[in-house]
Number of protein chains: 2
Amino acid sequence: MKSSGINSGQEDGSGEPNLNEQAYRRLRDALIGGVFLPGAKLSIRKVATALGTSAMPARTALRRLAAEQALDILPSGSAVVPRLSREAFGKLAAIRAELEPLAVRMAADNLASLDFVRLTALSDRQLRALADSDPETVLAADRDFLFTIYAACGSSILLQFIGSLWLRRSPLFWDARWMIMSRAGLPHRHAAMIDLLRAGNGAGAAATLREEIETATALLLEQYPFRGPQEGDGLATLAQRP
Amino acid sequence: MKSSGINSGQEDGSGEPNLNEQAYRRLRDALIGGVFLPGAKLSIRKVATALGTSAMPARTALRRLAAEQALDILPSGSAVVPRLSREAFGKLAAIRAELEPLAVRMAADNLASLDFVRLTALSDRQLRALADSDPETVLAADRDFLFTIYAACGSSILLQFIGSLWLRRSPLFWDARWMIMSRAGLPHRHAAMIDLLRAGNGAGAAATLREEIETATALLLEQYPFRGPQEGDGLATLAQRP
DNA sequence: GAGACGATAGTGTGATCACAAAATGAAATC
DNA sequence: GATTTCATTTTGTGATCACACTATCGTCTC
């Protein structure tokens, strides 16, 4: 991926991530890692304290995540981790089912042999984690696998949109991780996608992914207790994370 | 559209838009209206002066627009109006061709008779503006027509994504407005879409829209002088707009 | 004319503050 | 127990400032 000289204001002049960017990344990673439960309120001052910064970087990061749809804003102005209704989750999945296969199709001609080495390793890693009942690694390997493909699509906007969708539903997915773990057939599809992509069949790989998204969505729509109980806000855990 | 009690931090307690939101809307509308040329730099202090606020609302609005992909951020941290390459424009259109028909399909069952009255009026308005050689109204009627449909899709995220795509390519579209005006067949498709939607054929309307997006994209990819000359930054015009 | 250098102006970032609004908890009332 | 009221605390917003970095411009040298 070539750098276009355009970034998101993420580094100071020396190339180090500035405090805005560090706060954003830590919050983003915390969202992905299930630190916050759906419905958790994130106060600027409390996040700043947990991150060890003044209020400004926390505020900027929270507002950025809100603009990216990862967080909602209450009428009071407070940021809150989205609590997805069954309907909202279904619609989010419908958007994913359009955008992620598009990214696969766009990426198909750009994947190099090093990418395939990496994809194979990630697929294997997921298999092992599944056998080891390690949901965190299963979810991470899944994410890394798909984003390795998407990274080759050549569209930073498309990557951003997909990232937003993943962020938005991360808390729910983390909450549902044991349900997802019990689902059969997951690793075979990644291996199948690798084979299709190797064979130059981007459309086939895209269709396989679409089916995977739709299958996972149907499972969750059927089994996940939308609007389950919520406790705690996760800020103590945020302060402890690097 | 029902309010979910969740907003984007856009109003103070009394329901008035706060300064952040006012600055955001004015900048957004200025982007849509072609006030800024692609490549124009938007300094926080200059935008604040033009808007008549302190730096904070301007800064917040610029960062929000950047997070939404409407603006890019240079390595220096300055916000800049995106200058789309031919490739980037083509990819942006590919994303539109996935998301906007999805919105039409999702909206099809939710459109009410008042919506059709409005859609018909907007289609007629666009016809008149086309006859009157009034590009601003043509583009505005096109936008209002489509967003009237999309508003019924039931997904705030999808609306946000589509809005982001429209914002990002607005400066270019404004620049290309006379080229777009010369294109034949535009109003017939909106009338056809209305008929299809009335008949409950959301998939047909979505396919018609997809064809429209792809036709317009092909025209611009062929004829628009990507990386044309750029002058001025538009900040004086921003200060004058309400 | 091209490039390097230095001075100056402009710029974004992060910190901090004040204020008004929202949230919270306790006490009183029904 | 449920609701209302009130006092207090918390909270987001907007303003302002200082600082370090970036951009610009003018001058000098080759």
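The values are calculated or read from the model by the stated rules, or taken from the named source; none is laboratory data. Predicted model, so just to flag it, every value in this text is computed and none were measured. Don't worry about glycine lacking a Cβ; one is built from the backbone with ideal geometry, like all the others, and counts go over all protein chains shown.
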**OP:** Please work out if B:F161 is closer than 21 Å to B:D29 by Cβ and in contact (Cβ under 8 Å) with a residue 60 or more places away in the chain.
**Re:** yes
A:D72 fails exactly one of (1) at the interface with chain B (Cβ under 9 Å from one of its Cβ atoms); (2) surrounded by fewer than 18 Cβ atoms within 10 Å (Cβ to Cβ); (3) not polar (S, T, N, Q), namely (2)
Those residues of segment A:161-200 which are at pLDDT below 90, among the charged types (D, E, K, R) and out of contact with any Phe, Trp or Tyr (no Cβ under 9 Å at 6 or more places or on another chain) amount to A:R177, A:R183, A:R189
Exercise. Test B:V81 against the criterion of being over 30 Å from A:R59 (Cβ atoms), under 18 Å from the mean Cα position of the chain (by Cα) and either without any contact (Cβ under 8 Å) to a residue 40 or more places away in the chain or crowded, with 20+ Cβ neighbours inside 10 Å (or both), and give yes or no.
Key: no
Here the residues within segment A:15-48 that are assigned to a helix (DSSP H, G or I), away from chain B (no Cβ under 12 Å) and more than 18 Å from the chain's Cα centre (by Cα) are A:L19, A:R45, A:K46, A:V47, A:A48
Screening A:A236, A:A203 for residues that are at pLDDT 75 or above and either part of a helix (DSSP H, G or I) or in contact with a helix residue (DSSP H, G or I) (Cβ under 9 Å, 6 or more places away or on another chain) (or both) leaves only A:A203
With criteria (1) under 14 Å from the mean Cα position of the chain (by Cα); (2) in contact (Cβ under 8 Å) with a residue 12 or more places away in the chain; (3) surrounded by fewer than 20 Cβ atoms within 10 Å (Cβ to Cβ), B:L65 comes up short on (3)
Restricting attention to segment B:68-77, the residues that are within 15 Å of DNA strand D (Cβ to nearest atom) and touching a residue at least 40 places away in the same chain (Cβ under 8 Å) number exactly 0
Condition set modelled with pLDDT under 95 and aliphatic (A, V, I, L, M), scope segment A:82-104, selection farthest from DNA strand D (Cβ to nearest atom): answer is A:A88
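Would you say B:L84 is aliphatic (A, V, I, L, M) and within 12 Å of chain A (Cβ to nearest Cβ)?
In short, yes.
Please work out if B:S54 is within 10 Å of chain A (Cβ to nearest Cβ), within 12 Å of DNA strand D (Cβ to nearest atom) and over 22 Å from the mean Cα position of the chain (by Cα).
On the way: within 10 Å of chain A (Cβ to nearest Cβ): no; within 12 Å of DNA strand D (Cβ to nearest atom): yes; over 22 Å from the mean Cα position of the chain (by Cα): yes.
It is false that B:S54 is within 10 Å of chain A (Cβ to nearest Cβ), within 12 Å of DNA strand D (Cβ to nearest atom) and over 22 Å from the mean Cα position of the chain (by Cα).
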A careful count of residues in segment A:206-219 that are in contact (Cβ under 8 Å) with a residue 24 or more places away in the chain and either outside the structural domain of A:D175 (by TED's automatic domain parsing) or closer than 17 Å to A:M106 by Cβ (or both) gives 5
Going through (1) modelled with pLDDT under 95; (2) more than 12 Å from chain B (Cβ to nearest Cβ); (3) within 18 Å of the chain's Cα centre (by Cα) one by one, A:D109 fails only at (3)
Within segment A:32-48, restricting to residues that are surrounded by fewer than 19 Cβ atoms within 10 Å (Cβ to Cβ) and under 22 Å from A:F89 (Cα atoms), the one that is farthest from DNA strand C (Cβ to nearest atom) is A:G33
Matching residues in segment A:22-51 (in contact (Cβ under 8 Å) with a residue 24 or more places away in the chain and more than 10 Å from DNA strand D (Cβ to nearest atom)) number 20
Segment A:49-137: helices (runs of 4 or more DSSP H) wholly inside it with 2 or more residues that are away from DNA strand C (no atom under 16 Å from the Cβ) are A:86-108, A:113-131
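For every residue, the table says whether it meets (1) free of Cβ contacts under 8 Å to residues at least 24 places away in the same chain; (2) basic (K, R); (3) within 22 Å of B:A94 (Cα to Cα).
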{"residue": "B:D115", "(1), (2), (3)": "no, no, no"}
{"residue": "B:R118", "(1), (2), (3)": "no, yes, no"}
{"residue": "B:L122", "(1), (2), (3)": "no, no, no"}
{"residue": "B:Q126", "(1), (2), (3)": "no, no, no"}
{"residue": "B:V138", "(1), (2), (3)": "no, no, no"}
{"residue": "B:F147", "(1), (2), (3)": "yes, no, yes"}
{"residue": "B:R169", "(1), (2), (3)": "no, yes, yes"}
{"residue": "B:D175", "(1), (2), (3)": "no, no, yes"}
{"residue": "B:L197", "(1), (2), (3)": "no, no, no"}
